[in-house]
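Novice: Below: one structure in structure tokens.
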Amino acid sequence: MRIHEIELIHFRNHTHTKVVWAPYINVLIGPNGAGKTSIVDAIHYLCMSRSFVTKSDTHVVKQNTKSFLLRGQFQGQIRAQFQLALSYSRGEGKKIFVNEGPLDRLSDLIGMVPMVVLSPQDEQLTKGGPIERRLFIDAFISQLSRSYLRNLIEYRHVRRQRNKLLQKYAEGGSFRVDKILMQNYLEPWNEQLVHIGAKIMDERVSIIDQLERFVQFNFTEISGLKLQLGMRYDAMVTGWDGYAEARVVSEEDSENKKTDSPTASTRLERIEKCFKEALDEQFDKELERGQSLVGPHRDEIMFYLDEVELRRYGSQGQHRLFALALKLGQLDYYSKELEDAPLLVLDDVFGDLDKERVRILLEHLKAHQGQSFITAAHPVAFNDFVDFDGPDHMCITIKDGNVVETK
């Protein structure tokens with residue numbers, strides 16, 4: 001996948017900026033606040049419908065304006081050439097267009113242009129709470145599987161409806177009905193929660209097991225450390241022996257390219273059975289607290305180095321290198337599984353790396369068949385490893401929301 005050109009209008013500190021990209025490595029140089037991250041965030045907006053820097057669309061509208069517009073020209077293996085445009089206006093919300101035709105659902109954009117981003121915000125992937133890692137794995141799988149994304153959306157809807165019933169009961173009043181009657185009210189939602197939630201859990205376990213191998217390779221290469229890396233899915237629903245069984249299934253599926261094998265079906269059934277039992281066990285607590293306490297929305301992804309939990313005991317350097325290996329593993333996984341090579345954004349990553357790590361990372365990017373975008377406050381040692389004289393790579397300088405130099 002390639003983006004040939006991007007245009008930003010009233011986006012962050014850019015009044016009107018247009019950039020034509022090189023097909024492989026693109027480096028954006030400039031001081032802090034110049035607008036480098038804004039440009040790569042605009043690419044992320046066009047690919048994922050949201051910012052990777054802030055959670056609110058209103059925060060990226062240029063000061064003293066009411067709206068922004070982004071346009072990008074793309075080319076891939078599946079779609080020969082196409083244009084994506086995204087507009088946002090206060091009061092009207094966000095709209096996405098493909099070849100000038102409106103996209104009915106924002107979720108339809110996900111996976112159209114596969115993308116991997118590593119930024120300073122990603123330090124929370126290894127240091128933060130479980131929600132950060134759930135968001136990562138959900139976004140990771142959603143770019144691979146539309147069915148997974150549909151399941152996520154439907155699961156959230158079911159959980160919201162179920163929580164409304166639980167909240168009404170917890171608040172008391174006229175809705176404080178008999179517990180048996182409450183069970184009857186919840187049963188239709190329980191069935192959907194279990195059916196959809198089990199699929200999400202099943203897919204997460206399989207993908208995490210496969211991704212771990214790619215992350216291990218990249219961690220060893222980028223760190224030079226002989227540490228055994230581990231990634232483990234820690235589910236609230238227990239008793240189905242999912243992790244050990246999933247390893248067998250994922251290996252079989254990767255060899256046979258089947259998703260309906262008897263073993264996989266049995267695993268899903270076991271997850272559903274244990275999920276139902278867990279709901280029964282937590283019934284009284286859920287009524288008391290007014291929320292759903294069991295399911296993939298409460299699960300955790302644990303990271304380890306030599307069986308030591310990274311979040312609790314890892315050093316700053318280990319956290320940084322693990323996050324980098326995680327995103328490079330995602331890049332390699334996408335490159336293997338998808339017809340279109342993903343776009344890669346490395347935002348302000350090189351400042352914390354020594355020269356040898358910079359060399360290893362840039363060699364990795366040069367081997368990548370897709371397009372890469374790197375932001376940095378200083379040139380670092382890019383010229384020593386990347387040839388900017390030819391047409392394949394490009395270095396631009398950004399200042400005050402403008403492109404002031406290209407080479």
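Novice: Quick one: 3J(HN,Hα) in Hz for the stretch 52-64, Karplus 6.51/-1.76/1.60 with θ = phi - 60°, rounded, Gly and Pro as x.
Specialist: Ordered by residue, 3J(HN,Hα) equals 9, 9, 10, 8, 10, 5, 5, 6, 9, 6, 4, 4, 6 Hz.
Novice: Could I ask something else about it? Calculate how many DSSP beta bridges within the chain are antiparallel, expressed in % of all such bridges and rounded to the nearest 5.
Specialist: Details: 42 of 59 bridges.
That works out to approximately 70 percent antiparallel.
Novice: Here is a follow-up. State whether the stretch 264-407 is rounded, prolate or oblate according to the following rule on the C-alpha gyration tensor (a ≥ b ≥ c being the square roots of its eigenvalues): a/c under 1.5 gives rounded; otherwise a/b larger than b/c gives prolate, and the remaining case gives oblate.
Specialist: Values: a/c = 2.57, a/b = 2.33, b/c = 1.10.
It is prolate, given that a/c is not under 1.5 and a/b is the larger ratio.
Novice: Less than 14 Å apart at the alpha-carbon level, and either on another chain or at least 8 residues along: which aspartates and glutamates does that give for K36?
Specialist: E7, D347, D348, D400, E405
Novice: Can I ask one more? With a ≥ b ≥ c the root eigenvalues of the C-alpha gyration tensor of the stretch 47-136, is it rounded (a/c under 1.5), prolate (a/b larger than b/c) or oblate?
Specialist: Working: a/c = 2.15, a/b = 1.23, b/c = 1.75.
Oblate, because a/c is 1.5 or more while a/b does not exceed b/c.
Novice: Next question, about the same structure. Remind me, relative contact order of the chain in percent, using alpha carbon pairs under 8 angstrom and six or more residues apart? All intermediate terms of the calculation are to be shown ahead of the outcome.
Specialist: Values: 700 pairs, mean separation 109.1, N = 407.
After rounding, I find 27 percent.
Novice: By per-residue mean of other Cβ atoms within 10 Å, what is the highest-first order of 390-401, 37-48? Please list the in-between numbers first.
Specialist: Details: 390-401: 16.8, 37-48: 24.5.
Averaged packing, sorted descending, gives the order 37-48, 390-401.
Novice: Oh, and also: Which FRET efficiency value, to the nearest 0.05, do you get for D392 and H157 by plugging their Cβ-Cβ distance into 1/(1 + (r/R0)^6) with R0 = 60 Å? All intermediate terms of the calculation are to be shown ahead of the outcome.
Specialist: Working: r = 46 Å, r/R0 = 0.76.
Here the calculated transfer efficiency is 0.85.
Novice: Hey, another quick one. Can you list residues from other chains, or at least 5 along the same chain, whose modelled amide H is less than 5 Å from the amide H of C395?
Specialist: For C395, whose amide H was placed from the backbone, the distant partners under 5 Å are V27, K407.
Novice: Please work out how much length the chain gains when fully extended from E5 to R213, using 0.36 nm per residue of separation minus the C-alpha to C-alpha distance, in nm with one decimal.
Specialist: Working: separation 208, 0.36 × 208 = 74.88 nm, distance 3.45 nm.
Result for the pair: 71.4 nm of gain on full extension.
Novice: Right, next: What distance in nm separates the two pseudo spin-label positions at Q282 and S145, each 7 Å out from Cα along the beta-carbon direction?
Specialist: 2.1
Novice: Using the Kirkwood formula over every pair of different C-alpha atoms, what hydrodynamic radius in Å results for the stretch 70-215? Walk me through the numbers on the way to the answer.
Specialist: On the way: mean 1/r = 0.0533 Å⁻¹.
Result for the stretch 70-215, one decimal place: 18.8 Å.
Novice: If you take the beta carbon distance between N32 and A381 as r and set R0 to 22 Å, what does 1/(1 + (r/R0)^6) give as a FRET efficiency, to the nearest 0.05? Provide the component values of the computation, followed by the final result.
Specialist: Working: r = 20 Å, r/R0 = 0.89.
My answer for the efficiency is 0.65.
Novice: Can you give the extra length, in nm with one decimal, that the chain gains between K226 and H59 once fully stretched, where that is 0.36 nm per residue apart less the Cα-Cα distance? Mind showing how you got there, number by number?
Specialist: Values: separation 167, 0.36 × 167 = 60.12 nm, distance 4.29 nm.
That pair, K226 and H59, stretches by 55.8 nm at full extension.
Novice: Now, a different point. From the helices alone, meaning DSSP H stretches of at least four residues, give me the mean residue ellipticity at 222 nm for the chain, per-run term -39500 (n - 2.57), in deg cm²/dmol to the nearest 500. Intermediate values should be presented prior to the final figure.
Specialist: Details: 12 runs with 186 residues, N = 407.
Helix contribution divided over all residues of the chain: -15000 deg cm²/dmol.
Novice: In this model, which of K179/K276; K55/K327; K94/K127; K179/K273 are farther than 25 Å apart at the alpha-carbon? Don't skip to the end; give the middle numbers.
Specialist: Values: K179/K276 17 Å; K55/K327 21 Å; K94/K127 32 Å; K179/K273 22 Å.
Too far apart for the 25 Å limit: K94/K127.
Novice: Evaluated at 20 °C with a viscosity of 1.002 mPa s, what Stokes-Einstein diffusion coefficient in µm²/s does the chain have when Rh comes from the Kirkwood expression over alpha-carbon pairs?
Specialist: Details: Rh = 23.1 Å.
The calculation lands on 93 µm²/s.
Novice: Something else: Would the stretch 6-97 count as rounded, prolate or oblate if I go by the C-alpha gyration tensor, calling it rounded below 1.5 in a/c and otherwise prolate when a/b exceeds b/c, oblate otherwise? Working shown, then result.
Specialist: On the way: a/c = 1.97, a/b = 1.19, b/c = 1.65.
Oblate, since a/c reaches 1.5 and b/c is not below a/b.
Read-outs: derived from the displayed coordinates by stated rules, not from any lab. These figures come from a predicted structure and were not determined experimentally. As a convention, Cβ positions derive from the backbone with ideal geometry for all residues, glycine included, and neighbour counts pool all protein chains shown.
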